[in-house]
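What follows is a set of notes on a single structure, which appears directly below.
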Amino acid sequence: SIFFGQKSRCETMQVDSTLRSLDTELPLPSPGRERRSARISDIAEGSSLGERYLEGSNSAELTQEVEEIVLRNIATRSFRTPKLFSLPDVVPLMRECVDFVVCDHFSQCFESRRSKPWNWNIYLLPMWCVGVLIRYLICFPLRVLWIILSSICFIVLFEILQLLPVPRKAKAPWERKLTKLYCSAFVASWCGVIKFHGICPTRKAGQIFVANHTSMTDFIILQSFANFAVVGQSHPGWVGVMQERYLKSLGCLWFNRSQAADRALVAKRIKEHIADPTNNRMLIFPEGTCVNNEYCVMFKKGAFDLGATVVPIAIKYNKIFVDAFWNSRAESFTQHLCRLMSGWALVADIWFMEPQQQRPGEESVAFANRVKAMIAKKANLTNVHWDGYLKYLQPSRKLVEERQRVFAESLIMRSRSQVNLAAMAAQAEAEEAEATRQATMGKKITTIDEMGSEMGSDMRRRTSGGLSATA
């Protein structure tokens, strides 16, 4: 699909051929091990692309670097074999395509798994149809009405609170209570069944909470339990209004991941926030992107470079009723909320784990990997080393064109060799025909000579016989 330039899944697959080079511990099939060892050496020269992204490299530079690596890998793979075409010629291409599909572990981290059909039989289908009618005609309208009324009440009370002539510190506790109640209303609109495990530590200075990330619902659920100030990506639309107008009162920090200045400013504000024990708990999602709650991708080391106490939070959703994963490229957040409200219930387990300190001599990357392994084990997630930010790097058209050019050159060369071989075969056939013709002509001449000698002998016998009779 990459070679023919299809657009559905092939772009992620093409990037995956380079992304796999970041993970040296991934078990590789023997046919592709040598090919991928070159990719590993290509990227082993520098730091992780995602870490460089956080350090200030813009997406255009990283995209260009990834493209150069992919183009270099494509150039090393050619099919230039001077022989005639045969069935085994397609085996390398087929093997590589199957390898992309089977070993595409990167894309699997950001895809929703389709549930297996269970209702297509004569006794379950009627009940399933009744359930659909109840969910969409009764539960969904009531839940939408509930969240609309809750939003109106929250906005009105919040704005009234802002108009009161009282100090900012006196307003902060009421703002926290209003936001907590509003998040509880959201959880109720999903018919949330949330079970918390462990003890949430009290607020204190130098403390950061980190959790795996599936959707913005992670923050809403945690906020309904306790007050948190989250660090996250700024969004457009009504979500952006809620972020800037209402959630900033909790101390939330919003940034644009494409702006290096925003990221540097957020890092400074995080240090200032956790230094004050009266502020809300600081919550960070180190993955930096939404994952489908089946994998746990690489944690960015920024949250582990501050010398703070890290409290891991593991979040696991039960997908039996609804999938909480938000694929921001496939649906807006409004569509995501509607999908959650049209399900039966949102079921989740949340574990507050023991606070972790950076060990003596332990680097921040190792500290982040250790905490990530703890969260993945507790939530029963597959621990992978992919950098989630790399899914935002889109390959250009020239990757497909370069692959087509390499294969076209091999086709031209092999076609020329095929023409040459065909000409040689034609020449050999002509020479063979000429030799056959000459041999046939030689045989005919020999036959004529033999016939002439026989006729001469016959005439001599007849002449000698006539002379004898005359005598």
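Taking 31 Å as the cut-off for C-alpha to C-alpha distance, list the pairs among 319/372; 180/204; 116/398; 180/391 that go past it. Could the numbers behind the result be given before it?
Values: 319/372 22 Å; 180/204 20 Å; 116/398 38 Å; 180/391 33 Å.
Beyond 31 Å: 116/398; 180/391.
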Express the carbon and sulfur contribution to the solvent-accessible surface of the range 253-355 as a percent, rounded to the nearest whole number, probe 1.4 angstrom.
54 percent
Can you grab the distance from the C-alpha centre of the range 145-214 to the C-alpha centre of the range 90-130, Å, no decimals?
38 Å
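If DNA, RNA and ligands are ignored and the probe is 1.4 Å, what is the ranking of 409, 402, 354 by accessible area, most exposed first? Before the final figure, lay out each step's value.
Values: 409 65, 402 40, 354 135 Å².
The ordering from most to least exposed comes out as 354, 409, 402.
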Long-range amide H partners of residue 192 with built H, under 5 Å
346
Distant-in-sequence amide H partners of residue 311 (H built 1.01 Å from N, under 5 Å):
208, 209, 210, 356
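Between beta-carbons, use under 13 Å as the cut-off and find the net charge around residue 160, counting Lys and Arg +1, Asp and Glu -1. Provide the component values of the computation, followed by the final result.
On the way: positive: 171; negative: 159, 175.
Summing Lys/Arg as +1 and Asp/Glu as -1 gives -1.
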State the answer as a single residue: which of 373, 355, 332 lies farthest towards the positive end of the charge dipole of the range 317-376, with beta carbon charges of +1 for Lys and Arg and -1 for Asp and Glu, about the Cα centre.
332
If amide H atoms are built 1.01 Å from N in the plane of the peptide, which residues on other chains or at least 5 residues away come under 5 Å of the amide H of residue 226?
none
Rounded accessible area per residue of the range 212-314, 1.4 Å, Å²:
34 Å²
Return the whole-Å distance between the Cα centroid of the range 249-325 and the Cα centroid of the range 337-399.
10 Å
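The values are calculated or read from the model by the stated rules, or taken from the named source; none is laboratory data. In this text, all values refer to a predicted model and were calculated from it rather than measured experimentally. All Cβ positions, even for glycine, are placed from backbone atoms using ideal geometry, and neighbour counts span all protein chains on display. Surface accessibility is based on the protein's heavy atoms, side chains included, excluding ligands, DNA and RNA. Shrake-Rupley method; radii C 1.70, N 1.55, O 1.52, S 1.80 Å.
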